[in-house]
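As structure tokens, the structure follows; a few thoughts come after it.
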Amino acid sequence: MVPRIQLHDGHEIPQLGFGVWKAASGECYKAVRSALDAGYRHIDTARIYGNEEDVGRAIRDSGIARSEIYVTTKLWNTDQARAESAFAGSLERLGLDYIDLYLIHFPVTKSRAAAWQALENIHASGKVRSIGVSNYMPKHLDELLGAAKIKPVVNQIELHPWLSQTELKNYCESRGISIEAYSPLAHGQKVEDLSLKPLAEKYGKTVAQVLLRWSIQKGNIVLVKSVSPARIAENFAIFDFEIDAQDMAKLDSMNENLRTCWDPSGTP
Ligand SMILES: NC(=O)c1ccc[n+]([C@@H]2O[C@H](COP(=O)([O-])OP(=O)(O)OC[C@H]3O[C@@H](n4cnc5c(N)ncnc54)[C@H](OP(=O)(O)O)[C@@H]3O)[C@@H](O)[C@H]2O)c1
């Protein structure tokens, strides 16, 4: 049901993923079980979220084959100088033999170049299928692409109609780097947006579903988080309708550079 996107290294990734930032340990286990029951097959965690153990346990207990579930985790900023041991720690906490996608979480000025070389070494070990980055601006990617042996498969960035990131998205896509859109509901701040209620009613959907569908139709890989089984199911029910061109254009015109998470533009 969920479309798959082919990354430039040939691996495929489910276009809708389930994020677990701010899902506390314990709560995260239940949320991932609910997500897998609802049909999600792509989980996005990070060392800094403190819930890799829960994610791994939920995957094992689900009984779903490991090969059917796409798992991403991320190298935290303060671990960038020791990426290989940080990766080993993530693998151990997840209790997995391999990770599908390992990302540099943020482009820390002094350590990101060495961290990318370390990710290339980890990739050569076969314990991660694909490597990528998060929160990189064009200047960070220019630097990386000038030195890299392997090009990142994705750039995971905040993206929703109020932060459309058009320039960065065009930069990445013209270089074969796929966009992963995090905080597609503007970190929950826009699910009650009154201006979008009539649009949601037109499609018989919720505002959250319209926001997720917009991002899917933009071709992004979309990562959404919830710990509520009802909202987890709601966020998955976005493949049975299509936003028309006029409404897509309306959503496209709403950018106001609203950031609810990091702002990497000032990071040299
Ligand atoms: N790489 C990075 O630096 C980075 C940064 C931020 C996020 N991410 C990733 O992207 C994922 C998603 O982003 P996010 O967690 O910031 O925000 P989000 O998915 O935009 O929004 C999550 C918030 O919206 C609420 N929510 C979810 N579905 C809803 C619905 N249908 N109706 C009403 N409220 C709803 C959730 O509350 P409940 O849980 O109570 O439902 C939660 O408070 C993260 O979990 C993480 O995996 C990555």
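Readers should treat all values here as calculations from the given coordinates under stated rules, not as data from a laboratory. From a predicted model like this one, the values you see are computed outputs, not experimental measurements. Note that we place each Cβ from the backbone using ideal geometry, even for glycine, and neighbour counts take in every protein chain shown.
Here are the numbers for the structure shown:
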| item | result |
| --- | --- |
| Two-decimal Rg to Rh for the range 4-260 - Kirkwood Rh, Cα set | 0.96 |
| Phi-based couplings in Hz for the range 204-213 (Karplus 6.51, -1.76, 1.60; Gly and Pro marked x) | x, 10, 8, 4, 4, 5, 5, 4, 5, 5 |
| Sorted by Cβ density within 10 Å, fewest first, the residues GLU27, GLU234, GLU167 | GLU167, GLU27, GLU234 |
| Sites ALA200 and ARG82 - FRET efficiency at Förster radius 35 Å, r taken between beta-carbons, to 0.05 | 0.15 |
| Fewest-first sequence of VAL207, VAL32 by Cβ atoms within 10 Å of each Cβ | VAL207, VAL32 |
| Order of PHE18, PHE239, PHE87 - criterion: other Cβ atoms within 10 Å of each residue's Cβ, fewest first | PHE239, PHE87, PHE18 |
| Karplus (6.51, -1.76, 1.60) ³J(HN,Hα), θ = phi - 60°, over the range 181-197, in Hz, Gly and Pro reported as x | 9, 9, 6, x, 9, 6, 6, x, 6, 10, 6, 9, 4, 5, 5, 9, 4 |
| Sites GLU173 and ARG60 - FRET efficiency at Förster radius 25 Å, r taken between beta-carbons, to 0.05 | 0.10 |
| Among SER111, ALA230, LEU141 - extreme Cα towards positive end, dipole of the chain, charges at beta-carbon | SER111 |
| Dipole magnitude of the chain about its Cα centre (Cβ charges: Lys, Arg +1; Asp, Glu -1), debye to nearest 20 | 300 |
| The chain: most fluctuating residue of SER183, SER67, SER111 per GNM, C-alpha cutoff 10 Å | SER67 |
| Computed lengthening from LYS149 to ALA230, 0.36 nm per intervening residue step minus Cα-Cα distance | 24.8 nm |
| Nearest-20 debye value, the range 72-120 charge dipole, Cβ charges on Lys, Arg, Asp, Glu | 280 |
| MET248-ARG4 pseudo-label distance in nm [points 7 Å out on the Cα-to-Cβ vector] | 2.4 |
| Computed FRET value (nearest 0.05) for GLU120 with GLN217, which takes r as the C-beta separation and R₀ as 41 Å | 0.75 |
